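The values are calculated or read from the model by the stated rules, or taken from the named source; none is laboratory data. Remember, predicted model here, so these are calculated numbers, not experimental data. Glycine also receives a Cβ, built like all others from the backbone with ideal geometry; neighbour counts cover every protein chain displayed.
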Amino acid sequence: MRRGCLSVGTVSCEVCKHKIPYPDRYVMVDEDAKGVEVEKGGKSVRYCIDCAQKKGYAHYKEIKGEMMLTFLRESEASLPTEPPAPVKESKV
Ligand SMILES: [Zn+2]
């Protein structure tokens, strides 16, 4: 399971060991002993954005002409972001 977080300046990436400065974002991922993402019961590992991108935990997605950082899985991120079209009610 992934959680996008905002650094308060005191956390470090557990992969590259770099300090994550405030107010950069990072992601916490629950992983099993082999480093595979699990929904729960794993160890929480902190990734900076660079390392998260390398592992496929974060990616940039263009939303309305702006590059937005997302921690969603590709399948979730590709869901339509536009709200469904309103259903027209026929009043008689
Ligand atoms: Zn890192």
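Just checking, how many residues over the stretch 32-48 are crowded, with 18+ Cβ neighbours inside 10 Å and more than 16 Å from Val8 (Cβ to Cβ)? Lay out the reasoning, then the answer.
The initial filter retains those residues of the stretch 32-48 that are crowded, with 18+ Cβ neighbours inside 10 Å, namely 45-48.
Going one step further and asking which of them are more than 16 Å from Val8 (Cβ to Cβ), we end up with 45, 47.
Result for the stretch 32-48: 2.
Those strands (runs of 3 or more DSSP E) of the stretch 1-77 in which 3 or more residues are at pLDDT below 95 occupy 2-6, 59-63, 66-70. Those residues that are over 18 Å from the mean Cα position of the chain (by Cα) and within 12 Å of the ligand (Cβ to nearest atom), I need them from the stretch 17-38; list them, please. Passing the criteria: Lys17, His18, Lys19. The residues of the stretch 16-41 that are under 14 Å from Met1 (Cα atoms) and in contact (Cβ under 8 Å) with a residue 40 or more places away in the chain amount to a single one, Val27.
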